[in-house]
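I have placed the structure first, in the form of structure tokens, so that the comments after it can refer back to it.
The values are calculated or read from the model by the stated rules, or taken from the named source; none is laboratory data. The model shown is predicted, which means the values in this text are computed figures rather than measured ones. Cβ placement follows ideal geometry from the backbone for every residue including glycine, while neighbour counts extend to all protein chains displayed.
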Amino acid sequence: MAEQKERTFIAIKPDGVQRGIVGEVLKRFEMKGYKLVAMKMVHASEDLLMQHYIDLKDRPFFPTLIKYMTSGPVVAMVWEGKGAVKTGRVMLGETNPADSKPGTIRGDFCIDVSKNIIHGSDSVESANKEISLWFKQDELCSYSSCASSWLY
Ligand code: IDP
Ligand code: MG
């Protein structure tokens with residue numbers, strides 16, 4: 001049962017919001033069978049993004065990345081289910097859309113690494129960190145999904 005409670009943090013970046021890809025992303029995660037436990041639109045602060053991307057602070061593209069991510073609202077979400085972190089990353093595709101296979105979100109909807117439309121946690125540990133950074137505990141909804149017995 002515990003493995004079905006794995007959570008990942010997914011965020012549609014400002015370009016994904018502007019380009020109208022929010023519904024498509026929601027659809028893919030819903031159709032897969034993952035459970036939406038939190039979602040909000042937020043124009044994130046530089047401070048929040050610096051914390052979110054702290055591991056990349058010494059990379060040459062860091063300032064551009066922060067500027068990109070603060071350039072407009074993002075749609076932040078938490079999805080729950082077995083293998084949500086790893087499978088979520090597979091659904092996203094590679095960091096560089098050029099290396100992403102068709103059928104993945106980045107493979108289907110974007111071209112350049114600097115505008116790759118979506119974020120997904122890369123481990124359970126970073127998912128937990130990111131979820132607590134972006135969401136307050138009371139923003140995470142607790143409910144049972146009627147689909148769960150048909151998925152597991
Ligand atoms: P990830 O988003 O697939 O986990 P990371 O290596 O964690 O990839 O990088 C975070 C984000 O930084 C990427 O999604 C992308 O938006 C941006 N990024 C990564 N590498 C480059 C680059 O070489 N140039 C510009 N932006 C980059
Ligand atoms: Mg990453």
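Quick notes
- Inside region 81-103, residues that are surrounded by fewer than 18 Cβ atoms within 10 Å (Cβ to Cβ) and outside any helix (DSSP H, G or I) make up a count of 8.
- Criterion: among the small types (Gly, Ala, Ser), in contact with a Gly (Cβ under 9 Å, 6 or more places away or on another chain) and at pLDDT 95 or above - qualifying residue of Gly33, Gly23: Gly33
- Against the numbered list (1) closer than 25 Å to Gln4 by Cα; (2) assigned to a helix (DSSP H, G or I), Ile66 comes up short only at (1).
- Residue in region 88-100 that is closer than 20 Å to Thr8 by Cα, under 13 Å from the mean Cα position of the chain (by Cα) and among the hydroxyl-bearing types (Ser, Thr, Tyr) present: yes
- Entry remark, region 106-120: residues being away from ligand 1 (no atom under 11 Å from the Cβ) and either modelled with pLDDT under 95 or in contact with a helix residue (DSSP H, G or I) (Cβ under 6 Å, 6 or more places away or on another chain) (or both) number 1 in total.
- Any pair with Cβ under 8 angstrom, 6 or more apart, that starts in region 44-62 at a residue that is of a type in the set (D, E, K, R) and ends at one that is within 11 Å of ligand 2 (Cβ to nearest atom): Arg59/Leu65
- Per-region count, region 104-128, residues loosely packed, with under 14 Cβ neighbours inside 10 Å, within 13 Å of the chain's Cα centre (by Cα) and either within 22 Å of Lys67 (Cβ to Cβ) or of a type in the set (Asp, Glu) (or both): 0
- Residue match in region 12-19 (condition: of a type in the set (Gly, Ala, Ser), within 13 Å of ligand 1 (Cβ to nearest atom) and either outside any helix (DSSP H, G or I) or surrounded by fewer than 17 Cβ atoms within 10 Å (Cβ to Cβ) (or both)): no
- Test result for Leu65, farther than 16 Å from Ile131 by Cα, within 12 Å of ligand 2 (Cβ to nearest atom), touching a residue at least 12 places away in the same chain (Cβ under 8 Å) and not charged (D, E, K, R): yes
- Only one of the numbered conditions (1) within 16 Å of Arg106 (Cβ to Cβ); (2) in contact with a strand residue (DSSP E or B) (Cβ under 6 Å, 6 or more places away or on another chain); (3) among the aromatic types (Phe, Trp, Tyr) is violated by Tyr68, and that is (2).
- Of all the criteria given as (1) modelled with pLDDT of 95 or more; (2) assigned to a helix (DSSP H, G or I); (3) surrounded by fewer than 21 Cβ atoms within 10 Å (Cβ to Cβ), the one not satisfied by Glu3 is (1).
- Residue in region 32-48 that is surrounded by 19 or more Cβ atoms within 10 Å (Cβ to Cβ) and either in a helix (DSSP H, G or I) or at positive phi (or both) present: no
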